[in-house]
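Participant: There's a structure below that I have some questions on.
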Amino acid sequence: MTITPGSGSTFELVHQPSRCTDPSSCYYVFVVQNADGVGRAVSLMVRAEFEDPGDVLLRKSYKNVVKNGQFVPHEISPTTNADIQPYINRLKITVESQIGDADLFVSQTERNPTNDNSQWKSRMTEPIDQVILVSGGDAVDFTRSIYFSVYGNSYAEVMITFEYTFAPSYDAQLEQAIPIGDGSYEYTNIPDEYGERLYSFAPWWSGKENRTMVFLADVLINKVFFYSRWNAFPKHFYTSQHDFNDTIAIYGNDVDNHHNGTYYIRLRPDFALYDLLSARQYIFNMFAFSQPPATWEGKELGYENMELGETYVGFANQSRY
């Protein structure tokens, strides 16, 4: 490539690790030759675009160094931030230039946002650059990845921080739930009458099959009681799903049956006031499992395949399948 004095040119090189002798340590050599024999001043800048921007955690802050003309890409992923990002309705990204000057470019469509292709940007001459994203506005979707680049207008040392607010429907209490897989159980020991446990059950077959869900407390020492609610923190008087003989069964045609989302089960010690005079342990196995409906009104509906040597848990009563 020949560059005439006073002009500039750009060359784009596609990185192909398969062509390197050692893909883990590829390097490129750039040679600048002056063919005129006259002294020339040359400025060479190299910028990289990453196919996989670095993940960031919304709970953390990050300090970084950005060179003049350099883009540093980042990704805010709903997978990496699974307990926060899908539930927020407002996010503020702040880049503070503690030394030098840096800009902020944000996008949900471009993995390496720049001044030309970003959806949101901040190019302040002051030390603080901020972008505020609000759910329902500016086409932002917090269930998808958000990409942002920090660009150095000069050599800059920056601090990146995040502030967010949860949507009104978010319930922080649900984050304490202990997940139980379909067909598994959780051994639990509650040390006294003041304790309780919260479990979550997200059916793998949601929206695909019409199955009966069963929550069962296999009590080993002292009685317990529990109740369930769908996609909400269970409260005793807000739900009709209370245990009967240490069991809650939700059938496929019940009004409380839902095809998507998560069921939460809140379990508490079952005691009388005189029990408070002495601390008692409550030990049990909490089961969660599902099964296809077997029969209804004399008609066979489905069956499970069982393997020799394997243990299976099932449920049936006299009136429902």
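Participant: Among the residues of the range 237-251 satisfying the criterion of being within 23 Å of D171 (Cα to Cα) and free of Cβ contacts under 8 Å to residues at least 12 places away in the same chain, which is surrounded by the fewest Cβ atoms within 10 Å (Cβ to Cβ)? It would help to see each step written out before you state the result.
Facilitator: Here is the first cut: in the range 237-251, the ones within 23 Å of D171 (Cα to Cα) are 237-242.
Subsequent filtering for residues that are free of Cβ contacts under 8 Å to residues at least 12 places away in the same chain retains 237-238.
Working: F237: 5, Y238: 10.
Only one residue fits best here, namely F237.
Participant: Also: Going through the range 125-140 one residue at a time, which ones are surrounded by fewer than 18 Cβ atoms within 10 Å (Cβ to Cβ) and either modelled with pLDDT of 90 or more or not assigned by TED's automatic domain parsing to the domain that holds L91 (or both)?
Facilitator: Taking the range 125-140 as the starting set, the residues that turn out to be surrounded by fewer than 18 Cβ atoms within 10 Å (Cβ to Cβ) are 125-128, 130, 132, 134-139.
Once the filter is applied, which keeps residues that are surrounded by fewer than 18 Cβ atoms within 10 Å (Cβ to Cβ) and either modelled with pLDDT of 90 or more or not assigned by TED's automatic domain parsing to the domain that holds L91 (or both), the range 125-140 yields P127, I128, Q130, I132, V134.
Participant: Further question on the same structure: Across the range 82-133, what is the number of residues that are in contact with a Pro (Cβ under 7 Å, 6 or more places away or on another chain), closer than 18 Å to F166 by Cα and acidic (D, E)?
Facilitator: Number satisfying all stated conditions: 0.
Participant: Just name the residue that is surrounded by the most Cβ atoms within 10 Å (Cβ to Cβ) out of those in the range 183-221 that are hydrophobic (A, V, I, L, M, F, W, C), under 22 Å from N245 (Cα atoms) and under 24 Å from the mean Cα position of the chain (by Cα). Let's see the steps before the verdict.
Facilitator: Taking the range 183-221 first, the residues hydrophobic (A, V, I, L, M, F, W, C) are 190, 198, 201-202, 204-205, 213-217, 219-221.
From what's left, under 22 Å from N245 (Cα atoms): 190, 198, 201, 213-217, 219-221.
After this cut, where a residue has to be under 24 Å from the mean Cα position of the chain (by Cα) as well, the list is 198, 201.
Details: L198: 18, F201: 22.
Result: F201.
Participant: Of the residues in the range 163-213, how many are β-branched (V, I, T) and out of contact with any Leu (no Cβ under 9 Å at 6 or more places or on another chain)?
Facilitator: At the first step, the residues of the range 163-213 found to be β-branched (V, I, T) are 165, 178, 180, 188, 190, 212.
When the remaining residues are screened for being out of contact with any Leu (no Cβ under 9 Å at 6 or more places or on another chain), the result is 180, 212.
Qualifying residue count for the region: 2.
Participant: Within the range 149-166, which residues are out of contact with any Phe, Trp or Tyr (no Cβ under 6 Å at 6 or more places or on another chain) and either of a type in the set (G, A, S) or closer than 13 Å to L91 by Cα (or both)?
Facilitator: Of the residues in the range 149-166, the ones out of contact with any Phe, Trp or Tyr (no Cβ under 6 Å at 6 or more places or on another chain) are 150, 152-159, 161-165.
Passing the criteria: G152, S154, A156, T161, F162, E163, Y164, T165.
Participant: While we're here: Looking at (1) modelled with pLDDT under 90; (2) of a type in the set (A, V, I, L, M, F, W, C); (3) assigned to a strand (DSSP E or B), which is the only condition V72 fails?
Facilitator: Of everything listed in (1) modelled with pLDDT under 90; (2) of a type in the set (A, V, I, L, M, F, W, C); (3) assigned to a strand (DSSP E or B), V72 misses just condition (1).
Participant: In the range 101-122, which residues are in a loop (DSSP other than H, G, I, E, B) and free of Cβ contacts under 8 Å to residues at least 60 places away in the same chain? Even if it seems obvious, please write down each step before you answer.
Facilitator: So the first thing to find is which residues in the range 101-122 are in a loop (DSSP other than H, G, I, E, B), and the list is 101, 108-119.
Listed by number, the residues that qualify are D101, Q108, T109, E110, P113, T114, N115, D116, N117, S118, Q119.
Participant: Quick test of your reading of the structure: R59 fulfils all but one of (1) surrounded by 10 or more Cβ atoms within 10 Å (Cβ to Cβ); (2) modelled with pLDDT under 70; (3) of a type outside the set (A, V, I, L, M, F, W, C). Name the failing condition by number.
Facilitator: So the condition that R59 fails would be (2).
Participant: Here's something else I'd like to know. Answer yes or no as to whether V46 is hydrophobic (A, V, I, L, M, F, W, C), part of a loop (DSSP other than H, G, I, E, B), at pLDDT below 90 and within 26 Å of E157 (Cα to Cα). Before you say what the answer is, go through the steps one by one.
Facilitator: On the way: hydrophobic (A, V, I, L, M, F, W, C): yes; part of a loop (DSSP other than H, G, I, E, B): yes; at pLDDT below 90: yes; within 26 Å of E157 (Cα to Cα): yes.
Spelling it out, V46 is indeed hydrophobic (A, V, I, L, M, F, W, C), part of a loop (DSSP other than H, G, I, E, B), at pLDDT below 90 and within 26 Å of E157 (Cα to Cα).
Participant: Filter the range 89-110 down to the residues that are in contact with an Asp or Glu (Cβ under 7 Å, 6 or more places away or on another chain) and surrounded by fewer than 17 Cβ atoms within 10 Å (Cβ to Cβ) and list them by number.
Facilitator: Selection gives K92, Q98, I99.
Participant: Which ones in the range 239-253 are β-branched (V, I, T) and part of a strand (DSSP E or B)? Talk me through it step by step, then tell me what you get.
Facilitator: The initial filter retains those residues of the range 239-253 that are β-branched (V, I, T), namely 239, 247-248, 250.
Correct list: T247, I248, I250.
Participant: So in the range 56-100, with the set limited to residues that are in contact with a strand residue (DSSP E or B) (Cβ under 6 Å, 6 or more places away or on another chain) and free of Cβ contacts under 8 Å to residues at least 60 places away in the same chain, which one is farthest from E126 (Cα to Cα)?
Facilitator: The extreme case among them is T80.
Participant: For the range 141-148, indicate whether the set of residues that are over 18 Å from the mean Cα position of the chain (by Cα) and in a loop (DSSP other than H, G, I, E, B) is non-empty.
Facilitator: no
Participant: May I ask you to list the residues in the range 210-236 that are assigned to a loop (DSSP other than H, G, I, E, B) and free of Cβ contacts under 8 Å to residues at least 40 places away in the same chain?
Facilitator: Here is the first cut: in the range 210-236, the residues assigned to a loop (DSSP other than H, G, I, E, B) are 210-211, 222-223, 231-235.
Listed by number, the residues that qualify are N231, P234, K235.
Participant: Please determine, by comparing only the residues of the range 125-140 that are out of contact with any Phe, Trp or Tyr (no Cβ under 9 Å at 6 or more places or on another chain) and not in a strand (DSSP E or B), which one is farthest from F105 (Cα to Cα). Spell out how you get there, then give the answer.
Facilitator: In the first step, residues of the range 125-140 are kept if they are out of contact with any Phe, Trp or Tyr (no Cβ under 9 Å at 6 or more places or on another chain); the result is 125-130, 134, 136-137, 139.
Among the residues that remain, those that are also not in a strand (DSSP E or B) are: 125-127, 136-137, 139.
Numbers: T125: 15, E126: 16, P127: 15, G136: 20, G137: 18, A139: 16 Å.
Of everything passing the filter in the range 125-140, G136 is farthest from F105 (Cα to Cα).
Participant: Can I ask one more? Quickly run through the range 141-182 and pick out the residues that are within 21 Å of T109 (Cα to Cα), among the hydroxyl-bearing types (S, T, Y) and exposed (fewer than 15 other Cβ atoms within 10 Å of the Cβ).
Facilitator: The one that is within 21 Å of T109 (Cα to Cα), among the hydroxyl-bearing types (S, T, Y) and exposed (fewer than 15 other Cβ atoms within 10 Å of the Cβ): T143.
The values are calculated or read from the model by the stated rules, or taken from the named source; none is laboratory data. Source: prediction; values computed, not measured. Cβ: placed from backbone, ideal geometry, glycine included. Neighbour counts: every protein chain shown.
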